[in-house]
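Undergrad: Take this structure, written in C-alpha cells, and hold onto it; I'll ask about it next.
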Amino acid sequence: MNLRSWFQRRYVNEMVKVLIEDDRKCQELIRRVEADYGVKIKLPDSNSIPSCFLVDMLERAFTTGKIVLPPKITVLDFGCGDWFYAPFLLGFLKHWQGFREVCLEGIDFPSRKNKRSLRRLQKGELDLRVHWGDIMNLSQENKYDIIFASHMVAGPHHCKMWGVPYYKPSILFSYLQSLGKPDCLFVVIAYEYAGEDAIFRCFKSKLTEFFYQPLVEKKFSSFLYNRRGFHDNSICISRSPFVDLEACTRYEEEIEEMDAILY
Ligand SMILES: C[S@@+](CC[C@H](N)C(=O)[O-])C[C@H]1O[C@@H](n2cnc3c(N)ncnc32)[C@H](O)[C@@H]1O
C-alpha cells in the first residue's frame, strides 16, 4: 500500500464518515426544532445550527430542571450582543411544553453591529425589545420571570477587552436578582472548555447544572457546526434567590488573582 492510499484509508474515509453522520444528526435536529418551535431555517446560514444546539441544550435543561412556565412570561437576555439566536430563543420560550405569551427583552451596548442585527430581526416581525446600555442602569425591579446570561462570564481583563465595565460578581448578580420576580429563574450558559463554568459556584438553589454533550463529533466537523458556539457548553439554572454571596466573594478573589497572573 502506498502512502497516498494509506492516508486516504486512515483519515479521509474516516472524516467523510463522521461528516455524513454529523450532517444527518444536524438535519434531524433542524427538522425537530422547526416542527416543535415554529422557527423557519434557511440553510446555509452559520447562525442556525448553533442556535439549534442552544434550543437542544435548553430543552434538556428545562426538562431535567422540571421547569414549569406560566402562560405569560417576561424574559431578559443580559448581554444579548447581536442576538443571532433570538428567533430560536423566542420560539423555544413560546412553545416549550405548550404555547404561552412571551415578552422577550435583551440588553447590550449599542454597537453598530448590534443595532444593524436587531433592525434585521425586527424586519422579520419578531416581537423583541432591546434596551441599549449598561444593565446596571436598567431600573426594572421584580419584573422578569427568567433572566438569561449567555457567555457573560468575564474577569476584569475580558471586560476591558470588550470595552465594558467590570462589576464584581456579588454586585452584578445581586443586581440581576433584584430585576427578577421573587421566584425568577436564572439561566447561565458558559464555555466549559475555558473553565468559565466555575462561575456556577456563585449560585445556590440550583435546579439543574450539566455539560451539554456534543451532538456532533468535534474532531472534523467543529469548523462547520461550532463557529458560534453553544456546543460543548455548560448550563446552570437556579431559582431566585440564587446569589450565594460567600461563594461570590471567593470566586471574585480567584478571578481577579488569575487575571493579575495571566494578563
Ligand atoms: C460574549 S458576548 C455574549 C453575546 C451573546 N449572549 C452570546 O451568547 O452569543 C457578551 C456581551 O455582554 C455585553 N455586556 C457585558 N457587560 C454588560 C453590561 N454591564 N451591560 C450590558 N451588556 C453587557 C457585551 O457588550 C457583549 O456583547
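Any read-out appearing in this document is the output of simple, stated calculations on the displayed coordinates, not a laboratory observation. Please read all numbers here as calculations on a predicted model, not as lab measurements. So basically every Cβ, Gly included, is an ideal-geometry build from the backbone, and we count neighbours across all protein chains shown.
Undergrad: From (1) of a type outside the set (Ser, Thr, Tyr); (2) free of Cβ contacts under 8 Å to residues at least 24 places away in the same chain; (3) under 18 Å from MET152 (Cα atoms), pick out the condition that doesn't hold for PHE99.
TA: (3)
Undergrad: If you don't mind, there's one more thing I want to ask. Which pairs have Cβ atoms under 7 Å, sit 6 or more apart or on different chains, and link a residue in region 5-34 that is touching a residue at least 12 places away in the same chain (Cβ under 8 Å) to one that is β-branched (Val, Ile, Thr)?
TA: ASP22/VAL216; LYS25/VAL216; CYS26/ILE49; CYS26/VAL216; ILE30/ILE41; VAL33/VAL39; VAL33/VAL55
Undergrad: Does region 112-138 hold any residues that are within 9 Å of the ligand (Cβ to nearest atom) and assigned to a loop (DSSP other than H, G, I, E, B), and which are they?
TA: Those that are within 9 Å of the ligand (Cβ to nearest atom) and assigned to a loop (DSSP other than H, G, I, E, B): GLY133, ASP134, LEU138.
Undergrad: Right, another one. Can you tell me which residues in region 139-179 are within 8 Å of the ligand (Cβ to nearest atom) and either within 23 Å of ARG112 (Cβ to Cβ) or surrounded by fewer than 20 Cβ atoms within 10 Å (Cβ to Cβ) (or both)?
TA: SER150, HIS151, MET152, ALA154, CYS159, TRP162, GLY163, VAL164, PRO165, TYR167
Undergrad: Limited to region 73-96, what total is found for residues that are without any contact (Cβ under 8 Å) to a residue 60 or more places away in the chain and away from the ligand (no atom under 16 Å from the Cβ)?
TA: 4
Undergrad: Name the single residue that is surrounded by the fewest Cβ atoms within 10 Å (Cβ to Cβ) among those in region 41-74 being farther than 22 Å from TYR191 by Cβ and hydrophobic (A, V, I, L, M, F, W, C).
TA: This residue is VAL68.
Undergrad: Out of ALA247, ALA198, ALA190, I need the residue that is surrounded by 15 or more Cβ atoms within 10 Å (Cβ to Cβ) and assigned to a strand (DSSP E or B). Which one?
TA: Result of the check over ALA247, ALA198, ALA190: ALA190.
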